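A quick write-up on the structure given underneath.
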Amino acid sequence: AGCFLIAHPLLLGFFQQSVICLLEHTESDEGNGGTYGLVVNRMGKTLGEVIRPDSCPEKLSKAFSACPVREGGPVHVSLQMVHACEPEQQESLGVGGTVLTMLPSGNDITSTAIDSDRAIYFQGNVEEAADAVVAGNLKKENVSFYVGASCWTVGQLQNEIERGFWYPVRAPPEIVLDQPKKDLWLSMMCALGEDEANLTHLLVSELDNVFENSHCDGFHDEK
């Protein structure tokens, strides 16, 4: 399964009740080391609203203008695409992209296609994807868009996990494509175990009502 982060029930601010898919992680201090991910359960606007009509190619508008675009994180990053198709089909479509890998069960890192007939790819050629959708060779439901990203420098995410800000979990990579469910965070928290489920149900209503307008990341210090 893919690697995801579930926000602790007391984590506030932008990441409150968020679920993040981790796409890249390197330990090197050189170059672009660190962690890169996308929040998968926060819906934004449609592609037609994100890209001005005069800036959107006609075929892109025809294929995806009504498609929802999710808010991937607070770091400004332009439009990003995730799509799914069979590995053989990927070559003929020419969409490209980097295949999402799964967490190793042994010593090997495997493709998301290991237990299914399709793989999930990050990025690629959006215009080629639009052509494939218009031609009926790629289902629109198999394409998802994001703006923004969630990024950590080397060691930063590990520090936050050790401090209890996040629960790292394995989950189906298809979550990055599925329509965001309002209760995705709640469902994944409750699946962690009885203690986590009880804590979540105890706090979720209070936090939604009292801190929904908070802009500060960190834990609420209950008094």
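Comparison of Leu93, Leu100, Leu60 shows that the only residue that is buried (at least 19 other Cβ atoms within 10 Å of the Cβ), at pLDDT below 90, within 26 Å of Phe14 (Cβ to Cβ) and not aromatic (Phe, Trp, Tyr) is Leu100.
Every condition in (1) touching a residue at least 60 places away in the same chain (Cβ under 8 Å); (2) open to solvent by 40 Å² or more (accessible area, probe 1.4 Å); (3) of a type in the set (Lys, Arg) is met by Lys45 except one, and the failing one is (1).
Inside the range 124-180, residues that are acidic (Asp, Glu) and either open to solvent by less than 20 Å² (accessible area, probe 1.4 Å) or under 13 Å from Val95 (Cβ atoms) (or both) make up a count of 3. The condition of being at pLDDT below 85 and among the aliphatic types (A, V, I, L, M) holds for only one of Ile120, Ile114, that being Ile114. Note on the range 10-41: residues that are at pLDDT 90 or above and open to solvent by 50 Å² or more (accessible area, probe 1.4 Å) total 1. Here Glu71 meets each of (1) farther than 19 Å from Leu177 by Cα; (2) surrounded by 15 or more Cβ atoms within 10 Å (Cβ to Cβ); (3) of a type in the set (Asp, Glu) with one exception, condition (1). When Ala197, Ala171 are screened for being at pLDDT below 90, closer than 26 Å to Ser144 by Cβ and of a type in the set (Gly, Ala, Ser), only Ala171 passes.
The values are calculated or read from the model by the stated rules, or taken from the named source; none is laboratory data. These figures come from a predicted structure and were not determined experimentally. Methodologically, a virtual Cβ is constructed for each residue, glycine included, from the backbone with ideal geometry; neighbour enumeration extends over all protein chains shown. We work out accessible area using only protein heavy atoms, side chains counted, and drop any ligands, DNA or RNA first. Shrake-Rupley method; radii C 1.70, N 1.55, O 1.52, S 1.80 Å.
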